[in-house]
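Since the structure comes first, as structure tokens, the remarks are kept for the end.
The values are calculated or read from the model by the stated rules, or taken from the named source; none is laboratory data. As the structure is a prediction and not an experimental result, all values here were calculated from the model. Here the Cβ positions follow ideal geometry from the backbone for every residue, glycine too, while neighbour counts run over all protein chains shown.
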Amino acid sequence: MARESAVHLMHTRVDPAWVDYNGHMNDAEYARVFSLGVEALMARIGLDESGRERERYTLYTLETHLCYRLGAYEGDRLTVSATLLDHDAKRMHVFFSLLNEAQQVIATSEQMLMGIDSQRGKPAPFPRAVSQQLMALPGCEKADWPEQAGRQIGIPRR
């Protein structure tokens with residue numbers, strides 16, 4: 001189930017070209033959908049194509065942690081939602097969820113995004129208009145983070 005602190009960013013369907021030899025959406029396509037979710041988030045905070053040009057500013061992905069929970073199949077309707085876990089002057093820690101039509105979480109992608117001055121190609125603080133939009137996004141305290149947020153990859157040893 002999507003968290004109340006999450007904002008729905010976009011809807012899509014599983015394209016036939018995304019389906020692999022196992023009969024479900026290929027793992028690389030989940031990354032594609034989450035990448036489109038980042039673009040939808042960028043548009044929401046004023047960094048669509050015209051905003052990137054006007055502000056001379058963009059976002060780069062520094063790190064991502066993708067978890068697969070359930071399968072997605074050709075034609076399935078999907079929704080990408082996002083929860084802002086944390087941010088500072090030039091970074092965003094965002095937790096994306098991919099939901100099926102029954103609102104079940106089928107995959108998650110935890111990402112660290114960095115604000116970049118497009119002219120210099122270097123990290124820079126968010127422009128004022130972007131920062132204001134970012135502050136308007138629903139967030140949550142660490143105690144309320146989604147269960148999958150902050151996980152590490154590893155084989156548990158006893």
Notebook entry, point to check: Has segment 92-99 got at least one residue that is touching a strand residue (DSSP E or B) at 6+ places or on another chain (Cβ under 8 Å) and surrounded by fewer than 18 Cβ atoms within 10 Å (Cβ to Cβ)?
Noted result: no
Check: In this structure, does E74 turn out to be in a loop (DSSP other than H, G, I, E, B) and surrounded by fewer than 19 Cβ atoms within 10 Å (Cβ to Cβ)?
Finding: yes
Notebook entry, point to check: Are any residues in segment 109-133 closer than 30 Å to L70 by Cα and either in a loop (DSSP other than H, G, I, E, B) or out of contact with any Leu (no Cβ under 7 Å at 6 or more places or on another chain) (or both), and if so, which ones?
Noted result: E110, Q111
Note to self: So in segment 80-91, with the set limited to residues that are assigned to a strand (DSSP E or B) and of a type outside the set (A, V, I, L, M), which one is surrounded by the fewest Cβ atoms within 10 Å (Cβ to Cβ)?
What the structure shows: D86
Notebook entry, point to check: What pairs come up if the first residue lies in segment 135-158 and is touching a residue at least 60 places away in the same chain (Cβ under 8 Å), the second is surrounded by 10 or more Cβ atoms within 10 Å (Cβ to Cβ) and part of a helix (DSSP H, G or I), and their beta carbons are under 7 Å apart, counting only those six or more places apart or on different chains?
Noted result: none
Item checked: Every residue from segment 78-126 that is of a type in the set (S, T, Y) and touching a Phe, Trp or Tyr at 6+ places or on another chain (Cβ under 9 Å) -> S81, T83, T108, S109, S118
Checklist line | Counted residues, segment 1-34 - those being among the hydroxyl-bearing types (S, T, Y), within 23 Å of T61 (Cβ to Cβ) and either over 18 Å from the mean Cα position of the chain (by Cα) or modelled with pLDDT under 95 (or both) | finding: 1
Next item on the list: Go through segment 36-65 and give me each residue that's among the hydrophobic types (A, V, I, L, M, F, W, C), in a strand (DSSP E or B) and buried (at least 18 other Cβ atoms within 10 Å of the Cβ).
Entry: L59
Checklist line | Flag for A129 being farther than 30 Å from V19 by Cβ, surrounded by 13 or more Cβ atoms within 10 Å (Cβ to Cβ) and either of a type outside the set (G, A, S) or touching a helix residue (DSSP H, G or I) at 6+ places or on another chain (Cβ under 9 Å) (or both) | finding: yes
Next item on the list: Starting from residues that are among the polar types (S, T, N, Q) and crowded, with 16+ Cβ neighbours inside 10 Å, keep the ones in segment 100-111 and report whichever is farthest from the chain's Cα centre (by Cα).
Entry: N100
